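Inspection log for the structure reproduced underneath, given as structure tokens.
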Amino acid sequence: MIDSSLLSLFFSAFISSTLFPGGSEAVLAYLSSEQQHSTWLLLVIATAGNTLGGMTSWGIGWLIARKYSSEKLLKPKQQTAVYRIKHYGSPVLLLSWLPIIGDPLCVAAGWLRINWLTALIFIGVGKALRYGVILYLF
């Protein structure tokens with residue numbers, strides 16, 4: 001059975017990856033300092049939650065594209081994210097962990113119909129690298 005601290009980490013990471021601010025980094029650093037769970041388990045749980053949140057944003061973008069086909073109807077941040085993905089391609093999703101630009105990148109990837117598996121891989125790798133750095137530092 002998963003204990004409540006790991007569930008808290010997962011949900012904190014999920015919420016942090018959507019349009020709501022969260023403190024998953026602080027939760028991860030705290031749990032790491034407690035040394036009750038392996039570093040790898042913490043990395044997997046945080047990455048899974050954050051990646052699932054990013055893919056939820058991808059899904060929202062996919063749904064938005066079904067209703068709105070013109071980029072002019074997107075918010076300015078989303079228009080910028082669409083431009084970035086069109087210009088740099090799917091690998092720009094490695095930056096989906098960044099504050100402010102990460103969420104719009106995931107939404108734009110869905111809106112552009114970037115293959116879900118491609119998006120999942122790039123989003124997941126980017127988020128895992130971020131959490132890996134946090135664990136390394138703490």
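Among the candidates THR39, THR18, the residue that is of a type outside the set (Gly, Ala, Ser) and modelled with pLDDT under 90 is uniquely THR18.
Conditions: (1) touching a helix residue (DSSP H, G or I) at 6+ places or on another chain (Cβ under 6 Å); (2) under 20 Å from GLY53 (Cα atoms). GLN79 meets all but one. Number of the miss? Exception for GLN79: condition (2).
On inspection, LEU93 qualifies as modelled with pLDDT of 95 or more and over 13 Å from ALA13 (Cβ atoms). Of the helices (runs of 4 or more DSSP H) lying entirely inside the range 11-126, those containing at least 1 residues that are of a type in the set (Asp, Glu) span 24-34, 102-111. Would you confirm whether or not the range 62-83 contains a residue that is modelled with pLDDT of 85 or more, in contact with a Cys (Cβ under 6 Å, 6 or more places away or on another chain) and surrounded by 15 or more Cβ atoms within 10 Å (Cβ to Cβ)? No; the residues of the range 62-83 include none that is modelled with pLDDT of 85 or more, in contact with a Cys (Cβ under 6 Å, 6 or more places away or on another chain) and surrounded by 15 or more Cβ atoms within 10 Å (Cβ to Cβ).
Within the range 119-137, the set of residues being under 16 Å from ALA65 (Cβ atoms) and free of Cβ contacts under 8 Å to residues at least 60 places away in the same chain is empty. Residues of the range 91-113 that are surrounded by fewer than 24 Cβ atoms within 10 Å (Cβ to Cβ), aliphatic (A, V, I, L, M) and on the phi < 0 side of the Ramachandran plot: VAL92, LEU94, LEU95, LEU98, ILE101, LEU112.
The values are calculated or read from the model by the stated rules, or taken from the named source; none is laboratory data. Predicted model only: the values in this text are computed from it and were never measured. Cβ atoms come from the backbone with ideal geometry, glycine included; neighbour counts cover every protein chain shown.
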